[in-house]
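**Student:** Please see the structure below; I have some questions.
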Amino acid sequence: MKILIMTVWLIGASITGAALYSIAYEVERMETELAALELDIREERAATHGLRAEWAYLARPARIEELSQRFLPRMRVLSANQIGLAEDIPYAQLPDVLDVLDPEDLATPAAATVIR
């Protein structure tokens, strides 16, 4: 009976040791992956910080005003009579879809049309 109990304990200890080794190895792998991800995050934050600084520099009101005076010399402030509704815009009349299609194509169902 003692041998059976010792064998069960030995097998249990072996399984526990193997599981512990497997878990420790998995934790090390995950820590390495986490460190790589944290490095990527730091690099992305640094890049984003640089882009935000560049945007702040390029979007300065004084710079935009100078560029607008240089490249848009005839641009003026809108007056109230220049503002209207979208319905007031004249659009060209498009032909009706049925006027453009061939009458024979309308009579033939699409599923029966054979593409050659």
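**Student:** Could you list, in sequence order, the residues of the range 41-63 that are surrounded by 10 or more Cβ atoms within 10 Å (Cβ to Cβ), of a type outside the set (A, V, I, L, M, F, W, C) and assigned to a helix (DSSP H, G or I)?
**Tutor:** ARG42, GLU43, GLU44, ARG45, THR48, HIS49, GLY50, ARG52, GLU54, ARG63, listed by residue number.
**Student:** I've got another one for you. From VAL27, VAL97, VAL8, grab the single residue that is surrounded by 10 or more Cβ atoms within 10 Å (Cβ to Cβ) and either touching a strand residue (DSSP E or B) at 6+ places or on another chain (Cβ under 6 Å) or at pLDDT below 95 (or both).
**Tutor:** VAL8
**Student:** Are there any pairs with C-beta distances below 9 angstrom linking a residue in the range 64-81 that is surrounded by 10 or more Cβ atoms within 10 Å (Cβ to Cβ) to a residue that is not in a loop (DSSP other than H, G, I, E, B), with the two at least 6 apart or on different chains, and if so which?
**Tutor:** ILE64/LEU58
**Student:** Out of ARG29, ARG76, which single residue is among the basic types (Lys, Arg) and not in a helix (DSSP H, G or I)?
**Tutor:** It is ARG76.
The values are calculated or read from the model by the stated rules, or taken from the named source; none is laboratory data. Keep in mind the model is a prediction, meaning the values are calculated, not measured. Counting neighbours? That spans all protein chains shown, and the Cβs are built from the backbone with ideal geometry, glycine included.
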